[in-house]
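The values are calculated or read from the model by the stated rules, or taken from the named source; none is laboratory data. Everything quoted here is computed from the prediction, not taken from an experiment. Cβ placement follows ideal geometry from the backbone for every residue including glycine, while neighbour counts extend to all protein chains displayed. Quick note on the areas: whole protein, heavy atoms, side chains included, nothing else; ligands and nucleic acids left out. Shrake-Rupley method; radii C 1.70, N 1.55, O 1.52, S 1.80 Å.
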Amino acid sequence: MRYLIMLVPLLLSLTACQSAYYSAMEKVGVHKRDILVDRVEEAQQSQQQAQQQFKSALEQFSSLIKFDGGDLQRVYEATDSEYQACSKAAEDVSSRINSIEAVADALFDEWQDELEQYTNANLKRDSAIKLSNTKRQYASLLKTMRRAEQSMQPVLASLKDNTLYLKHNLNAKAIGALQGEFNSVQKDINRLIADMNSAIAQSEQFVATLKQ
């Protein structure tokens with residue numbers, strides 16, 4: 001309970017900062033809808049970059065299990081570097097999705113509140129329908145994005161395990177032990193890429209809807 005009490009002022013402060021940011025942007029003609037479009041497009045880019053990074057990690061893993069002599073320490077360092085890069089890419093994807101949620105919630109709250117300002121019943125009804133459709137499409141997109149986000153976790157876990165094992169067993173026997181892991185990692189990365197492609201395609205459709 002003590003930690004919750006300490007957390008509440010922080011959350012209120014963050015909310016106030018976001019509200020101030022949205023207000024400042026609106027004063028220069030950039031509205032929440034515009035910010036949401038930008039953030040969805042930024043999330044697309046981060047997902048595309050993450051795809052490439054995980055593919056790169058898979059290529060490094062493939063090179064690792066084919067190792068037949070040379071500087072094993074250098075191979076470990078390259079493998080660890082790929083894992084660290086994947087971890088950073090995953091964090092970026094999560095951050096982008098969180099930023100989408102923040103502005104989407106603010107946009108939908110504002111939209112709902114402003115429905116009460118209409119005096120024309122037909123326009124109010126039309127706007128309410130559009131809000132409902134947009135929220136439904138957004139909910140589907142967010143679910144797809146979160147699924148793609150979660151699909152990175154088993155890959156990261158496997159890459160970390162393999163990197164740690166190699167770190168403490170820099171020998172040919174360790175390479176042999178890791179060979180059996182490759183197919184599983186490859187399968188998880190292929191699933192990750194498919195999930196992200198689905199999220200990217202859905203993002204494009206959502207952005208098109210917002211721009212109408």
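Values as computed for the structure displayed
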item: Residue check for Val30: surrounded by fewer than 17 Cβ atoms within 10 Å (Cβ to Cβ) and modelled with pLDDT under 95; result: yes
item: Lone unmet requirement of (1) open to solvent by 20 Å² or more (accessible area, probe 1.4 Å); (2) closer than 23 Å to Tyr83 by Cβ; (3) assigned to a helix (DSSP H, G or I) for Ala148; result: (1)
item: Top-ranked residue in region 67-77 [being open to solvent by 40 Å² or more (accessible area, probe 1.4 Å) and in contact (Cβ under 8 Å) with a residue 12 or more places away in the chain; ranked as nearest to Ala199 (Cα to Cα)]; result: Phe67
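Condition check ((1) aromatic (Phe, Trp, Tyr); (2) in contact with a Pro (Cβ under 8 Å, 6 or more places away or on another chain); (3) more than 25 Å from Ile193 (Cβ to Cβ)) across all residues:
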| residue | (1), (2), (3) |
| --- | --- |
| Thr134 | no, no, yes |
| Tyr138 | yes, no, no |
| Thr144 | no, no, no |
| Val155 | no, no, no |
| Asp161 | no, no, no |
| Lys173 | no, no, yes |
